[in-house]
Amino acid sequence: QGMKLMWHDEFNQQQLDTTKWWDRYFSSLDWFNNEAAASMQNNTLPAADYEMTGNSIILKATDKLYPGANRQISSIQSYNYTTNQDKTEGLVGGFIEARIRRYIEDGGDRVNLAFWFDSPGPDLKYYLEKDGEALGIKGIRPRGQVFEIDMCEYITTEIVLHGNVDKNGRFERNIGHHIVKGDFKGKWVTHSMLWSPSGLKFYIDGELIKEYWDVNDIKSPNHAMNIFFGAYGINGVTMEVDYVRFYQWETTDNLLPNGDFSYSGTIFPWEGKGKIVNSEKGNKSLQLKPGESVTQMIYLDHSAAYELTVNTKRTRDLAISAANI
């Protein structure tokens, strides 16, 4: 509630919208695939195989093998690494959803059908952890924070958080992995994610499936991410995308979403205990009983100055604080 559509593609055109997509796959882990990295730097990576239907895009993994791999990777992403252009305009945090259909024909092999997010660029400083270094790049990502988020992988639905990397850039392990059982082959499914400074929540067809939400163990990224769709494999492996939509809370007049407690009786994305009531002026207010409190985490620009203004009644025993974590 209270969110605004910030970026989307309904795939209703006859051609791929190049203001939103780049059709040559490359992600953070491919820096360590020497053949792929060389092809990326020489701008010789193969373009995605796809078909525009007029109301969707179908990505097709055929027999045009990706450098250093034994399968085709037919993928589009929201970043053009040849021009260093982030086509989502640096959106950080929000609610992202896509309606997709994945399919394997008889004889399809080496399959991975994925909708995922990768660190911007892909830029190794977000893949590498703080105090790590590889290929002349020093890492800045806090340990335990993701560098890649998979909304779904393979022909099943596997939600995967890729995280820990050693000081030399070697991937160590996932920091989250959840397999959703069921038959997804050939079926339209809506995959969604709520991405906030506090954590991540994953939904399938509107149902909350898995969450990683702990302010003492924050896994969600604090920087922009690239959006990827991809069909990996050979011999009839396809992914069809109906739409993708990226929402954020409206914060034109107030950087705190739901700062005036007007979201139809809910305090979210505030967290804690409190009751929404009508104030004497007729607008909404938060009522706290003794011992109750609410908190909210937001992303800030560390080069900017901020002011917190609070309108209260009976403030004698009310404590208010702001902190940078």
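The values are calculated or read from the model by the stated rules, or taken from the named source; none is laboratory data. These figures come from a predicted structure and were not determined experimentally. Because the Cβ atoms are built from the backbone with ideal geometry, glycine has one as well, and the counts that use them run over all protein chains shown. Surface accessibility is based on the protein's heavy atoms, side chains included, excluding ligands, DNA and RNA. Shrake-Rupley method; radii C 1.70, N 1.55, O 1.52, S 1.80 Å.
Annotations
- For the pair LYS185 and GLU207, a Förster radius of 25 Å applied to the C-beta separation gives a FRET efficiency near 0.80, rounded to the nearest 0.05.
- Loop-located trypsin sites (Lys or Arg not before Pro) in the range 259-304 whose Cβ has at most 13 other Cβ within 10 Å (DSSP): LYS273, LYS281
- Across the range 137-267, the convex hull enclosing all Cα atoms gives 166 Å³ per residue.
- Heavy-atom accessible area, probed at 1.4 angstrom with all protein chains present, ranks MET52, MET239, MET3 as MET3, MET52, MET239, highest first.
- On the principal axes of its alpha carbon atoms, the range 10-50 extends 37, 17, 16 Å, with the longest extent given first.
- In the range 74-153, the trypsin sites (Lys or Arg not before Pro) that fall in loop regions by DSSP, at most 16 other Cβ within 10 Å: ARG143
- Here the alpha carbons of the range 213-293 define both size measures, Rg and Dmax, at 20.2, 67 Å.
- For the chain, the solvent-accessible area of protein heavy atoms averages 52 Å² per residue (probe radius 1.4 Å; ligands and nucleic acids excluded).
- Kirkwood analysis of the Cα pair distances in the chain returns a hydrodynamic radius of 21.4 Å.
- Heavy-atom accessible surface of the chain: percent carbon and sulfur, 1.4 Å: 45 percent
- Using a cut-off of 32 Å between Cα atoms, the listed pairs LYS20/LYS138; LYS87/LYS185; LYS20/LYS275 include LYS20/LYS275 as exceeding that distance.
- Cα Rg over Rh - the range 1-150, Kirkwood: 0.97
- Our helix-only sum for the chain, with -39,500 (n - 2.57) per DSSP H run of n ≥ 4 divided by its residues, gives a mean residue ellipticity at 222 nm of -1000 deg cm²/dmol.
- About its Cα centre, the dipole of the chain is roughly 820 debye, where the only charges are +1 on Lys and Arg Cβ and -1 on Asp and Glu Cβ.
- Scanning the chain for GluC sites (Glu not before Pro) in DSSP loops with at most 14 neighbouring Cβ atoms within 10 Å leaves 106-249 as the longest stretch between them.
- What separates the Cα centres of the range 57-131 and the range 171-211 is a distance of 16 Å.
- Computed label-point distance, nm, for sites ILE276 and THR83 using a 7 Å Cα→Cβ extension: 4.2 nm
- Pairs spanning more than 23 Å between alpha-carbon atoms, out of LYS4/LYS284; LYS289/LYS313; LYS60/LYS219; LYS201/LYS273; LYS125/LYS167: LYS60/LYS219.
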